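One structure below.
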Amino acid sequence: MKDPNHYADLYNAYDETPRKISVLDSTLREGEQHPGVSFTNKQRIQIAWMLDYFGVDQIEISPVVSPDHKDATKTIIKQGLRADIVSHGRALTEDIDISLACDAKWVAAYLGISDVHLKDKLRITKEQALERAVNTVSYAKEHGLKIRFTVEDGSRADPEFLISVCKAISEAGVDRISLPDTVGIMRPVGMYNFVKNVRSIIDTPLDVHVHNDIGFALANAFSACEAGVDQIHTTIDGIGERTGIPSLAEVAVALTYLYKSPNDFRLDMLADLSRLIEQYTTIKPYDSKPIVGTSAYKHKAGTHLAAILKNPAAYEPIPPRIVGNHRTIVFGELAGKTGAGYLMSLLGIKQDNETAKKVAAGLKNLRMGDVLDIPLEDRLERKIINDEKRSK
Ligand code: HCA
Ligand code: CU
């Protein structure tokens, strides 16, 4: 039999030589902007170490939001992690100074460039914004820094102005430009067009930072990659302002399995990274959250159980152990004969067709919905399959 994903892979039409797409994780900056999230410095350092070990390329933190964050930024920079530590602030020389005081090598500066941000938030003209952007970039470059510039609310900015800002900061030596969909208003083709517009005129490497207000963040991030972006912003579990941004788990798994982008992520840390955030924030990811949710590998309907017990690939895109999650099966009203038979074998009861049927009917008649969740590990799976083969 071919790999169960074989034909799906053909539709997905991978590039023959997939590009490397990097990941910037902003759990410590965007993530802390999620309502109810506030890490201690010890937690921030722990998160940075784990993200680095996981294999993200850049880790973002903002030293300008509080003296505590400044200390955390300094300490994290001192750790000498493999990932770049990107020190995030406003497009102001005073914020660059704070990053310099933390001994940052990489900084990020953001400035709203849409009409609503210019007129109502910042109360500055386009000319003033352009000048501020160029000044910030020049200042950072004069101080030997690498700088990413974020054209905040770029997806809602006048395209002509967007291009003139991107051109001016590129001439000033900016190292990367972040193209954000700050309010999550884009659909995937719109995101593609937005990025392509910039990409066709500007050579500077591009990041994508997309919000999930309508649920399109992950799709939009990948659409941006198809249009030429080479770094995606994530947070653990996707936490961030309002509904957040793409989750690290979904981005890393999609990059690895759906885009075949070369990387050395330790995907088996993903479930633990999610648990870590749950522990530090008390925000419990909803059970059906892709990859890391407790239901992501839980199988329930009778026909599903019967198939899963023979070959889990029947109802799983990738095995749970790859991402550090666990497969469980639910016994209850929906379990069916095969599920009931499996439950009996676990309990050491000799099973035959008739009694398995009776147990299944009994579970149905209990009318208690889900009665029992049981882990189904690979070892057990193999045993079941072998027993079955032997009994044939
Ligand atoms: C913010 C805005 C931002 C910046 C993104 C970036 C956005 O909260 O500062 O720096 O790439 O969504 O536009 O998060
Ligand atoms: Cu954001």
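Coordinate-derived values only; no laboratory data. Everything numeric here is computed off the predicted structure, so don't read it as measured data. All Cβ positions, glycine included, derive from the backbone under ideal geometry; neighbour counts span all protein chains shown.
Values as computed for the structure displayed
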quantity	calculated
Relative contact order computed over region 167-287 (Cα-Cα under 8 Å; 6+ residues apart), in percent	20
Inter-site label distance for residue 19 and residue 226 at 7 Å from Cα along Cβ, in nm	1.3
R0 of 30 Å, Cβ-Cβ distance residue 357-residue 322: FRET efficiency to nearest 0.05	0.25
Max mean-square fluctuation residue, GNM over the chain, Cα-Cα springs under 10 Å, options 133, 172, 221	172
Reachable lysines from residue 42, criterion Cα separation under 18 angstrom, eight or more residues apart if same chain	70, 74, 78
Region 82-200 - percent relative contact order, Cα under 8 Å, separation 6 or more	24
Antiparallel content of DSSP bridges confined to the chain, in %, to 5	10
Rounded FRET efficiency, nearest 0.05, which uses the C-beta distance separating residue 38 from residue 368 and R0 of 45 Å	0.65
Value of D in µm² per second that Stokes-Einstein yields for region 298-391, Kirkwood Rh from Cα pairs, at 25 °C (0.890 mPa s)	183
Residue 9-residue 295 FRET efficiency (beta carbon distance; Förster radius 22 Å; 0.05 resolution)	0.30
Sequence-separation-based contact order of the chain, relative, with Cα cut under 8 Å and 6+ spacing, percent	13
Value of [θ]222 nm, deg cm²/dmol, for the chain, DSSP H segments ≥ 4, -39500 (n - 2.57) each, nearest 500	-12500 deg cm²/dmol
Kirkwood Rh, angstrom, region 1-126 [1 / mean 1/r, Cα pairs]	16.9
Cα radius of gyration and Dmax for the chain (Å)	24.8, 81
Region 1-54 versus region 252-315: alpha-carbon centroid distance in Å	13
